[in-house]
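Here the structure is laid out as structure tokens; the discussion comes afterwards.
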């Protein structure tokens with residue numbers, strides 16, 4: 001390269017060097033501006049968090065002027081209040097924060113609530129014997145027979161509360177209300193409050209759980225429509241064994257006040273109930289449960305006791321579980337009642353078969369003794385056939401054709417209709 005060329009190259013370097021330095025300065029200034037923006041956004045977010053927590057905003061460092069020096073603004077003696085938030089009320093506790101910013105978390109502080117309606121209809125002959133000889137006590141042709149309100153939640157890690165309120169044309173009452181303790185040692189569980197006695201199977205069911213519109217005659221004649229329920233305590237224990245059979249024993253003590261069954265006139269007039277059941281899988285598709293019950297109390301200042309046995313067989317094929325199934329039930333009860341010439345007894349036998357995913361049909365036969373006003377004993381006999389359709393798990397339609405021959409009267413033929421519908425969460429029931 002000639003001497004002239006070297007001079008030209010030297011001049012170009014002298015000119016480009018300041019331009020390159022100026023470009024570097026511009027990039028540094030851009031980075032500083034971006035950093036300032038990030039610091040300002042962080043400060044604003046911190047102030048908003050402090051306001052949401054209900055505390056005054058903490059004075060924050062001033063904006064960064066360069067990369068090597070940060071100036072902190074002096075802390076004022078009386079900081080100005082934060083600007084009012086028109087749409088955000090002050091939050092003072094965890095529950096309020098959860099409810100506003102996480103609506104699903106509010107469930108932690110509220111029980112599971114459900115309402116189950118039972119609409120009833122009937123056609124056929126008049127039946128003055130279903131509730132008594134008085135015609136005013138007959139069930140209307142159409143009515144909302146019951147609305148059950150259920151509230152269930154854990155009280156603490158050791159107990160769960162259950163409340164079932166029954167609203168009917170007769171008024172509002174507590175059908176059940178008890179605390180259940182499920183974490184006791186030695187495989188024990190306990191209940192305290194008002195609940196249905198664990199006597200047999202049908203006595204423990206609520207209206208919406210029954211596979212029929214009505215009660216079996218033996219439950220209706222012996223315990224009435226309110227069933228065998230009272231205030232008391234219950235203790236259950238599971239007995240592990242080498243035979244791989246689920247064995248559970250239950251002992252219960254009640255106040256002893258059940259209409260037309262037990263009378264509580266003295267402190268010692270308590271009502272005792274005991275139940276023993278054994279459950280075992282026969283195969284992967286079927287299982288069986290056998291139970292026996294004993295209840296004893298006072299009626300007319302004399303001993304009144306009941307002895308029962310119940311058998312349940314369940315078949316549910318794994319490959320067709322959504323479309324096929326069968327449950328067979330048998331329950332028999334005898335009553336040693338004071339002043340009776342002979343012991344009343346009764347039973348029911350029923351089978352329910354699943355026709356399709358939403359269709360079920362069933363047949364029930366039953367018989368039960370009943371006392372007349374004069375003290376004589378008669379036997380009522382009946383048969384019923386049901387057809388049930390489940391549009392979804394929250395509703396069902398059921399029709400029941402029943403024929404009952406009352407011991408002291410004529411035979412009554414009726415067609416019963418039932419519509420059940422539920423809203424809210426409701427726990428599963430044991431079959």
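Computed values, structure above
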read-out: Flag for residue 399 being more than 31 Å from the chain's Cα centre (by Cα) and either over 14 Å from residue 219 (Cα atoms) or surrounded by 15 or more Cβ atoms within 10 Å (Cβ to Cβ) (or both); value: no
read-out: Given (1) at pLDDT 95 or above; (2) not in a strand (DSSP E or B), number of the condition residue 176 does not satisfy; value: (2)
read-out: Options 291, 346, 351, 328; residue that is part of a strand (DSSP E or B) and closer than 24 Å to residue 234 by Cα; value: 291
read-out: Members of the range 305-363 found to be in contact (Cβ under 8 Å) with a residue 40 or more places away in the chain and loosely packed, with under 13 Cβ neighbours inside 10 Å, listed by number; value: none
read-out: So residue 298, is it surrounded by 16 or more Cβ atoms within 10 Å (Cβ to Cβ), modelled with pLDDT under 95 and not in a loop (DSSP other than H, G, I, E, B); value: yes
read-out: Residue 375 being exposed (fewer than 14 other Cβ atoms within 10 Å of the Cβ) and touching a residue at least 24 places away in the same chain (Cβ under 8 Å); value: yes
read-out: Of all residues in the range 162-178 being under 18 Å from the mean Cα position of the chain (by Cα) and surrounded by fewer than 16 Cβ atoms within 10 Å (Cβ to Cβ), the one that is nearest to residue 112 (Cα to Cα); value: 177
read-out: Any hit, the range 150-162, residues being under 30 Å from residue 382 (Cα atoms), touching a strand residue (DSSP E or B) at 6+ places or on another chain (Cβ under 9 Å) and modelled with pLDDT of 85 or more; value: no
read-out: Selection count, the range 248-281, where residues are over 29 Å from the mean Cα position of the chain (by Cα) and farther than 20 Å from residue 233 by Cα; value: 1
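The values are calculated or read from the model by the stated rules, or taken from the named source; none is laboratory data. Fair warning: this is a prediction, and the values are worked out from it, not measured in the lab. Cβ atoms come from the backbone with ideal geometry, glycine included; neighbour counts cover every protein chain shown.
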